[in-house]
Amino acid sequence: MLKLAQSLKFRQLLFSNRLSALGLVIVIISVTLAVLFSLLGRGITPYDPYALNLQQSNLPPSTSHFFGTDFQGRDIFSRVIAALPIDLGLPIAIVLFSSMLGIFLGMAAGYLGGLVDEVVMRVTDLFLAFPTIIMVLAVAATLGSGLVNATLAFIFVWWPPYVRLVRGGVLEVAAEDFIAVSKALNSSVRNIMFRGILPNIIPSVLTYATLDVGTALLEVSILGFLGVGIPPGTPELGTMVGSISYGLYTYPWQALIPAFVTMILAVGFSFLGEGAREASDVKVRPYILFRAFRKTPLPGRVPITQPAISTPSSGD
Amino acid sequence: MNPSVYLKDFLSLLVKRTIGAIGVSLGTITIIFLISHVLSPNPARLWAGPRARASTILAVQARYHLNDPIFLQFYYFLRDLITGNFGIDPLSGQPILAEIRFYLPNTLELVFVSFAILVVVGIGLGYMSGMRFSTPVDSMIRTIYLASWSTPMYLAAILGILVFATYIPIFPSGGMYSLSLSPVRSVTGFFLVDSLIELNIPAFLSGLQHLILPAVVLAAVNFGLISRAVRSSILNVRWSTYVKTARAKGLNEDEVKRKHILRNALIDATSLSAVLFGWVLTGTVVVEELFAWPGLGQFAFQAIYSNDYPVLIPIVVVFTLGVIIANFVADVLYSILDPRIAMGAQTGAIS
């Protein structure tokens, strides 16, 4: 059974789960649209997302305006597409920079140990104690409005979990035999860190980061909803919801549509990330196999009726 | 296990955790100080507001000691926080401490009720999902919690208001109690507690009716993490040897489930609860604003909205201390539920 688990590709494991396949589809479509819009701009949207047209304001969804128009007559469908580069770009940038910072600090702490470890981890613990959105609001208010400042404010509170994750991974990998052999062969520290350890912790960082993009996306849109950091008038999903508050009862779709789009985007990343987490988790793998093969047993094998694999916790 | 030895271990752990919590509080306050006094290129302008006149900026500079050397500023900042001198809210003219004292109980009431709902529902769903692993029930619950934690807070709140306060008006759409009621005298500051003390049942019911919708919304968005943790911890122990042993000893199925499977899952849930409490606490910024709930979250939102920086910083401190206290409580609970932690802290048996 263990052999079977290893012989199966990560990809196959991932797509044995319909939810993560759905997640991947959502991610691919939205990223493609975002890239297309930032390359072609107006070319792919039916209307100009910025053009005001007060005679056409507050229209309900129809065939000419799929999602209706907002209080200034802007086409909501076009604005949703125009919002994708920001609503995907900001979270991806936040997660990318946070994970880079986390890899750097976590590797230093985990591999060098001693005083470096102590200092890095104490500082990380301090930053972990901050309530995220409140702290982001404070930093964003300090730095002033603007997309770059909003991103910086997020990175400020977003990196600590990555340090913990990477440090734990480094400690685990550094105890392996091949690192000891590598040391005995007199490899340079740089070689051990970048060739030996780093490739082994990247997968777990990637999985966590995928899930995390979804979380960051939600928080970015909350920042927009509250009207902090993201300049007013920017096509951003949270801002679109936040600017409606008074017309909520009369024109609910103006708030609900961008809000549901935000949710679908976040669902995409979290389904994909959750699937990847399960598929790469050695502890959970046997259970996924159980799920994958219960319906279609492999030819020539006895159908598995119970997760008969040696249960993970007993082996540790 | 000798109980007196355990108690000693537990007390030493308690002392350790208390010192740790105080250290973290001082550290976070230092960072907040650095943000508010050092990070900005021109702190005085920030504290005075974007459209302040030059004379106002000078006055603000003098009032908040912004011209002094940085370590002196830090000394004033710490001293004022510890003595509770948070300054005067420039918008309302009230002392900020008094305002926080008014808003904080309202927020805590909302947060505690919401957290209780979250814990019960989250653990219940996680347990069901884990015990029915790989059945339609399991995948349904998994889909629900994954979708719920991908739901933006404002979407849940707007849906709640539209569906349960507008289209099917069972709950009021905002506020804390019906304004037509005679006012309840403030004893503890917690509306529900105060109305109970006065035996004012209509006020209590009205408060409860106003509380349910925002509390459920806050819980619904945040319970996913706890369900996932409970589910995976159940999957980890369900087929383990010690559960088999328990059955082999002849324990009945209920006892095995309660004492061996669920208890283990509860330990994992406890270690997560501090994080979740923090999420619920910060979620109040959005929920209170939408439900017109007069709490600290709404106060924070309004401080940001009106560029009221001198108010924002104390609020950030209060929220951060709230999270630190939640962490502390969770740590202590964790070591009560899992005595190995306290023993290990003393002897180093658990690394």
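Quick notes on this structure:
- Residues of the stretch A:260-281 classified as farther than 19 Å from A:Ala209 by Cβ and either modelled with pLDDT under 60 or among the aliphatic types (A, V, I, L, M) (or both), total: 3
- Number of positions in the stretch A:122-134 that are more than 7 Å from chain B (Cβ to nearest Cβ) and either touching a strand residue (DSSP E or B) at 6+ places or on another chain (Cβ under 9 Å) or crowded, with 18+ Cβ neighbours inside 10 Å (or both): 3
- Only one entry in A:Ile201, A:Ile257, A:Ile230 is crowded, with 23+ Cβ neighbours inside 10 Å, farther than 24 Å from B:Leu235 by Cα, in contact (Cβ under 8 Å) with a residue 60 or more places away in the chain and β-branched (Val, Ile, Thr), namely A:Ile230.
- Under the condition of being surrounded by 15 or more Cβ atoms within 10 Å (Cβ to Cβ) and more than 20 Å from the chain's Cα centre (by Cα), the residues counted in the stretch A:88-120 number 8.
- Screening the candidates B:Pro69, B:Pro105 for the property of being over 21 Å from the mean Cα position of the chain (by Cα) and not polar (S, T, N, Q) yields one hit, B:Pro69.
- Some residue of the stretch B:38-61 being within 30 Å of the chain's Cα centre (by Cα), surrounded by fewer than 12 Cβ atoms within 10 Å (Cβ to Cβ) and not hydrophobic (A, V, I, L, M, F, W, C): no
- Sole residue being hydroxyl-bearing (Ser, Thr, Tyr) and not in a helix (DSSP H, G or I), chosen from A:Thr210, A:Thr215, A:Thr234: A:Thr234
- Subset of the stretch B:147-195 [under 24 Å from A:Ile244 (Cβ atoms), without any contact (Cβ under 8 Å) to a residue 60 or more places away in the chain and small (Gly, Ala, Ser)]: B:Ala147, B:Ser150, B:Gly160, B:Ala165
- Conditions (1) surrounded by fewer than 18 Cβ atoms within 10 Å (Cβ to Cβ); (2) out of contact with any His (no Cβ under 9 Å at 6 or more places or on another chain); (3) in contact (Cβ under 8 Å) with a residue 24 or more places away in the chain: number failed by B:Ala98: (3)
- Matching residues in the stretch B:163-182 - criterion: being among the hydrophobic types (A, V, I, L, M, F, W, C) and part of a loop (DSSP other than H, G, I, E, B): B:Ile168, B:Ile170, B:Phe171, B:Met176, B:Leu179, B:Leu181
- Only one of the listed residues (B:Thr284, B:Thr270) is under 19 Å from A:Glu219 (Cα atoms) and either touching a strand residue (DSSP E or B) at 6+ places or on another chain (Cβ under 9 Å) or touching a residue at least 12 places away in the same chain (Cβ under 8 Å) (or both). That residue is B:Thr284.
- Selection of the stretch B:171-225 for residues being small (Gly, Ala, Ser) and more than 23 Å from B:Leu118 (Cα to Cα) yields B:Ser178, B:Ser180, B:Ser182, B:Ser186, B:Gly189, B:Ser195, B:Ala203.
- In the stretch B:290-299, of all residues being surrounded by 22 or more Cβ atoms within 10 Å (Cβ to Cβ) and out of contact with any Asp or Glu (no Cβ under 9 Å at 6 or more places or on another chain), the one that is nearest to the other protein chains (Cβ to nearest Cβ) corresponds to B:Leu290.
- Scope the stretch A:237-254; condition assigned to a helix (DSSP H, G or I), over 21 Å from the mean Cα position of the chain (by Cα) and touching a residue at least 60 places away in the same chain (Cβ under 8 Å); matching residues: A:Met240, A:Gly247, A:Trp253, A:Gln254
- Checked against (1) hydrophobic (A, V, I, L, M, F, W, C); (2) closer than 30 Å to A:Ala180 by Cα; (3) facing another protein chain (nearest Cβ under 10 Å), A:Leu105 passes all but a single condition, namely (3).
- Residue check for A:Leu90: farther than 24 Å from A:Leu198 by Cα, modelled with pLDDT of 85 or more and in a helix (DSSP H, G or I): yes
For (1) assigned to a loop (DSSP other than H, G, I, E, B); (2) surrounded by fewer than 21 Cβ atoms within 10 Å (Cβ to Cβ); (3) of a type in the set (A, V, I, L, M, F, W, C), each residue gets a yes or a no:
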{"residue": "B:Val256", "(1), (2), (3)": "no, yes, yes"}
{"residue": "B:Lys259", "(1), (2), (3)": "no, yes, no"}
{"residue": "B:Ala265", "(1), (2), (3)": "no, no, yes"}
{"residue": "B:Thr270", "(1), (2), (3)": "no, no, no"}
{"residue": "B:Val275", "(1), (2), (3)": "no, yes, yes"}
{"residue": "B:Gly278", "(1), (2), (3)": "no, no, no"}
{"residue": "B:Val287", "(1), (2), (3)": "no, no, yes"}
{"residue": "B:Asn307", "(1), (2), (3)": "yes, yes, no"}
{"residue": "B:Ile315", "(1), (2), (3)": "no, no, yes"}
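- Cross-chain or 6+ apart pairs with Cβ under 9 Å, the stretch B:305-324 first and at the interface with chain A (Cβ under 10 Å from one of its Cβ atoms) and touching a residue at least 24 places away in the same chain (Cβ under 8 Å), then of a type in the set (A, V, I, L, M) and not in a helix (DSSP H, G or I): B:Asp308/B:Leu91; B:Thr320/A:Ala129; B:Val323/A:Ala129; B:Ile324/A:Ala129
- Qualifying residue in the stretch A:167-176 (condition: of a type outside the set (Gly, Ala, Ser) and within 24 Å of the chain's Cα centre (by Cα)): yes
- Here the stretch B:119-156 is the region considered, the condition is being within 13 Å of chain A (Cβ to nearest Cβ) and of a type in the set (A, V, I, L, M), and the residue that is surrounded by the most Cβ atoms within 10 Å (Cβ to Cβ) is B:Met153.
- Residues satisfying the stated conditions in the stretch A:138-149, i.e. within 13 Å of chain B (Cβ to nearest Cβ) and part of a helix (DSSP H, G or I): A:Ala138, A:Val139, A:Ala140, A:Ala141, A:Thr142, A:Leu143, A:Asn149
- Some residue of the stretch B:292-312 being within 24 Å of B:Arg142 (Cα to Cα) and in contact with a Leu (Cβ under 8 Å, 6 or more places away or on another chain): no
- Residue tally, condition modelled with pLDDT under 70 and surrounded by fewer than 18 Cβ atoms within 10 Å (Cβ to Cβ), over the stretch A:16-31: 0
- All conditions in (1) crowded, with 19+ Cβ neighbours inside 10 Å; (2) part of a helix (DSSP H, G or I); (3) touching a residue at least 40 places away in the same chain (Cβ under 8 Å) hold for A:Gly224, with the sole exception of (3).
The values are calculated or read from the model by the stated rules, or taken from the named source; none is laboratory data. Computed from a predicted structure; not experimentally measured. Glycine also receives a Cβ, built like all others from the backbone with ideal geometry; neighbour counts cover every protein chain displayed.
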